1. Once you have the Cα-Cα distance between Ser38 and Asn95, take 0.36 nm times their residue separation minus that, and quote the gain in nm to one decimal.
2. Rounded to the nearest percent, how much of the accessible area of the stretch 1-109 (1.4 Å probe, protein heavy atoms only) is carbon and sulfur?
3. By average Cβ neighbour count within 10 Å, what is the ranking of 127-134, 725-732 from highest down?
4. Can you find, among Leu353, Trp525, Ile413, the residue farthest towards the positive end of the dipole of the chain? Put +1 on the C-beta of Lys and Arg, -1 on that of Asp and Glu.
5. Convex hull over the alpha-carbon atoms of the stretch 364-463: what's its volume per residue in Å³?
6. 5 Å is the cut-off here: which amide hydrogens, built 1.01 Å from N in the peptide plane, fall below it relative to Ser603, excluding neighbours closer than 5 in sequence?
7. Roughly how far apart, in whole Å, are the Cα centres of the stretch 983-1016 and the stretch 168-232?
8. I'd like to compare 541-548, 586-593, 572-579, 333-340: which one has the highest average count of other Cβ atoms within 10 Å, and what's the full order after that?
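The values are calculated or read from the model by the stated rules, or taken from the named source; none is laboratory data. Keep in mind that this is a model prediction, so the values were computed, not measured. So basically every Cβ, Gly included, is an ideal-geometry build from the backbone, and we count neighbours across all protein chains shown. Accessible surface areas use protein heavy atoms only, side chains included; no ligands, DNA or RNA. Shrake-Rupley method; radii C 1.70, N 1.55, O 1.52, S 1.80 Å.
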Amino acid sequence: MSSRGGNSVAERRLRPLWDAIDCRQYKTALKLATSLLSKHPDSTYLIVLKALVLERMGKTDEALDLCKQAKESEPIDDLTLSTLQIVYQRLGHPNEASVCYEKACRKVPNNLELMVGLFCCYVRDYSFLKQQQVAMKMHKLFAEERFLLWAVCSIQLQVSCDKKDRALLALAEAFLKKRYEAHGFEELEALVVYLALLENEGKYQTALDVLSSKAGDLFSIRTDRLKLEGKLLLSSHKYDLAAKVFKEVLEMSSDDWAMYFLYLDAILELSHNNAGINGNSMIDSNSDFSLSGLSIEESEGRLQSAKGFIEGLQIKESHGLKRGPFLANIEIEKRRFLLSLQGEYQKPTANLLQRSIVDYFKRFGHLASFTTDIQGYLTLIPLDCRDSLLQSLRLCCTEIEGDSSVALLRRKISLFQMQLQFSSQSTSDKGIMCQAVEVTKLYAESVKLSRDLDPQENMWGEELVTLAATFLIQLFLRTRHPGYVVEVIMLLEFGLAIRKHSFPYKTMLISLYSTMVCPSLAFEWFKTMDVKNILVETLSHHILLPLTRSMHWSEFESVLGETLKFHEDCAKEAADLTIVAYKQCNYTKVLEFVHFTNRLQRSHNLLLSKIEGVILQLREKSGVLDDILTSLERLEDGNMPLRWSTVDNLADLSFNESLETRPWWSPAPGQCLLTEAFNQQPFLQDEEIKAQPFLQHKEIKAQAIARESNWRTYVHKRCLLPRILHLALNVIRFREVGPNNSAAIEYDNELHDLVKKYAKSLGLEGDEFFGDTLSNSFLKNGEPSDIFSLVLFWTCSEFVFRKSSQALPNLNELAKIYVTKLTSFAKVSDTESWKPSLADITYSWTCLPLLLMLVTEGFMWYSICLQSWFRHLQPGGKTSKKKKKGVVMTDSLDAMAESDRAALLLELKSVKDSFCNVLKELLHWLTNLLKSLDGQYECVLVEHVSDRVDGSFSADFIDSLVPGTVYNALKSSMNSAAGTLGDRVDALVQTFEVRPLIQRIESSVSANLHKLSDFLRSLIDGLQS
C-alpha cells in the first residue's frame, strides 16, 4: 500500500470511525473523521471517509468537494478507491470513480484488484465496450475462465442493449469455442452461455455435440440436461429423438407442464422457434397443424399413442396431487378437437373434450387453481354443448362422496366461475340476479367455514364476492342503474371488513370509486395495498389516471414521488446486483439484471410520472403567471420534456404494468365500461369497448400493440405542452416586429410545427384543425381539454401573426359550448335544486372528470396566455430583450404604433371580460350544484339502494330486479347463521350500515367539487387583477 494518497492510519484508530458509520451515528463519525484528519492531513482515505459521512448527512456539496480533493491526489490503493467509488456513486457521478481507477491502473499496471475495480466501475456506468476490453485484458494476463465469461457477457449486452451488430455474437462464440476446445469448462454457467450462443446462431447440432460430451457432466441434475437436449432436438427438427427425450423427462417428473406441450409438439412434428436454451414454451390454445407435415390420420394415431402413455402416468399418480398427467389428457383432447375441425367429424371429438374436463373436475374441482387450469380450453367448447357440460359438473357435485365441507364449497365456486366464463347476452336479467343471490348465500357459508382461520389468512370462498360483483356490474351495463354500482361497493366494503387484506376487492373498489368521481376514497384503498419497490412500477396504473383527473393534487404528487424515488433508487443500486452476479459467476443473472435495469430505464411509467409531475406543478400555480413562468424556466423553456419524448425514446418505451390485476370492466387505464358504455357525447371515443366484455380479460398481442401505441401518443402529447405553452405566453412580443424578421419567422414556424404535432396526437392530420372549430365533427376528435388546448395554441399564432380578429372570440364560444355540454347533467339555479335522475348520476361520472380537466388545463392555459399578453401590452408592462442566435428581439411595444397597441388592448380586454363571464357562470353553477349535493345526492342513492336494504329477503325480490336485492340476500344469510360466524363477524353483521357509506361517497364528490370551485376563483382573480 502506498502512503502517498493511500491510508497511513493504523487500523485500531480507524475502528471507532468504521463502527460509527456502520451504526449510522454520523455526527459522531464526522467528529472522529475531523479529529483524525487533523493528525493525518495527508491521508486520502480519511478524506474519502469524511466525504462518505457528509454524503450520508445530506451535505452533498461538501462531500463532492472532498471527493475532488481526494481525486487530485490520485490514490492507487483499492480500499481508498472503492470507498471513493461508493461516494461518487451516491452523489450521481459514477464516471468520476472510473477516471480515478483508470489513472490507478495506468500507474500500477497488471494489478488484479485495481483492474477488477475498474471493471466494476464500467459495470456501474453501463459501458459494455469498456467492460469487454478490461475483461479481455485480465483474461490474457491471468488466463482465468471467469474473465473470459465477463467479456462474453459484455459482448452480449452490447448487442442487446446498445443495439450493436449481431456479428459480435459470433466473436463471443469463437472465444468460448477456443476455451472449450483447449481446456473445457470449469463452471456450468460457462457451458450454458456457450450453448445459448450456439442456439442463437442456429448451430443446434454443435450444441448437441457439446452437450453429449464430457462438458455435459457439469449438469448435476439429469432432468435439466435432458430438457435442454430435448429442446435442441426439437429446434433442429429431430422430432422422434426429441419425443423420446421428453418422454423420459416426464417419466421422472410427471408434473412438468411445459414438457407435456413440448412432447406433444414433438410427436406432431410442430416446429418451435423459442424452445431453446433460454426459450419458454409459449402455449397457443389453437395450434397451427398446417405447420406439421403429418396427415390428419397420422396425427390422430400419434395423439392416441400419447394418450396411452399419459394414462400410464396417471396410474402412477392415482393417489397423488400432481395435476400434470390429468390436465395433459385435456390438452390431447383439445388437439384432437382442433384436428377434427379440419376433417369431417367434429361432435364426437368435442364430446371427448367435455368428458376430459368432467374427469378433471372430479379429481381437482376442489382446488382453487381449477378454473385457471381449464380456462383456455373452455373457449373451444361449442355453444350448443356448454349447457350439457355445466349440467354434468352439477351432477358431479352431488355424486362425489367423501368431500369435506371446504372441498364441496370449492367445487361449487369452480362451477360458478365456469358459468361466468360461459355467460352471454342471452342470459336474462333475472337469471343474472339469481346467480348473484346464490353466490352471496354461498359466501355466507364460506364465512362460517373460515371462522377459525387467522384474520390475515385468505378465507375459503373469497372469490364469491368478486363473482357477485361481476354479476351486478353486468346488470348495471344492461340497466344503467347506479344503484347496482353502489351495491357492489357495499359488498366489497363488507368483504374487506371481514378480510381486510383481499387484493382483488381493493382493486375493484379503486376502480369503482374512481368511476364515481370519489378519488379520495380510491386513494385510501390504494394506500392499504402497501405498494412499494417493484410494485410501484407494476401497480400504480390503478390510481395514476384517476388522480390526474381529480383535484387531490397532494395525493397525486405523493404517488408520482414514490414512482420517481423507486426508479432513482434502482438506478443507484441495480448495478451492485450485477457486480455480485459477475463475481459469483452467475452469468445468466448478469444478463437478466442488466436487461431488467434497462427495461426500467425505458419505463413508460417513469416518463409518464415525470411529465405529469411537470404539468401538475403548472396546474398547482392556479393561474399565477409569475410562478408559471418560473416553472417553465426551470424546464429550459419547455425544451426538457421535448428531449424526453424524442422518436427514439418513445419507440423504446417499455410497458411493465400488471394489467391482469385490473377489474374486467376496466382492462387498461383510460378504458372503463361503466362510463363509456352508455356515453352518447360526440367528444368521447372508443366504440370497441362498448361490446360485451370477456369477463376473464386476457390481452391479445394486437390489443397490446394498440394500447402501447396509444400511450406513446398520449405521453408525446403531454410532453409537447410545456414548450407550446412557453411559446404561447411569449408570442405577443413578435406581433408587428415585421414579417421579414428572422427570429419572428423562426418562432412562428416552431409554434406551428409543435401545434401540428399536438393535433396529430389527437388524430388530426395536415390542416384539418384549421376548419370550423365549433362544428360537431371537429369536437369529436378528442377530450374537451385537449381540443380546447389545441384551438388555443393555434389561435395564439393566428391572433398574433395573422391578426385574425375572430380567433379569440371563437375560443370563447368553444368554452361556452363545452361548459354547456359538461354541465347538462345537472339543471340547477338559484331557485331550483338539483333533483338528479338515475341517468343524471351515471352521466355525471363521465362529465365531471372531463370538466375538471378542461378547467385545470385548457381554461388555465387560456387564462395565463391572456394575462401574459395583456401584461406585455400595458404601458410599463414587463418586457425583455432576448438574444436568440445573434438576433436581438426588441419588445413589441417599441415597434408597435400607439393606436395599434390601444386597439389590441381594447380587443384583448373585451375577450378577457367575456371569458371571465364564462368562468363566473361555471362557478355559479358549481356553487348551486354543491348546495344541491348537500344531502340530495345521498337521498337519491339511499332511495334506490338503502331503503331496500333491511336484512330481510324473499324470492319476490329477485323478480323486482332492483339494487339491494343481493346485499339483502347476504345479510339475511348472515343473520340466519348468527352465532356460528365468530364473535367478530357477528358484531360486524349487526353494525355494518349502508347510509354512512353513501355519505362518504357524497362527501368525496363534494370535496372534489369544492376544490374545483376554489381553483375557478383563483383563475377569475388572476384575470381581473
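1. Stretched out fully, the Ser38 to Asn95 stretch lengthens by 17.5 nm.
2. Accessible surface attributable to carbon and sulfur in the stretch 1-109 totals 49 percent.
3. My ranking of the peptides, most packed first, is 725-732, 127-134.
4. Trp525
5. 113 Å³
6. HN-HN under 5 Å from Ser603: Ser654.
7. Each part's Cα centre sits 63 Å from the other's.
8. 541-548, 333-340, 586-593, 572-579
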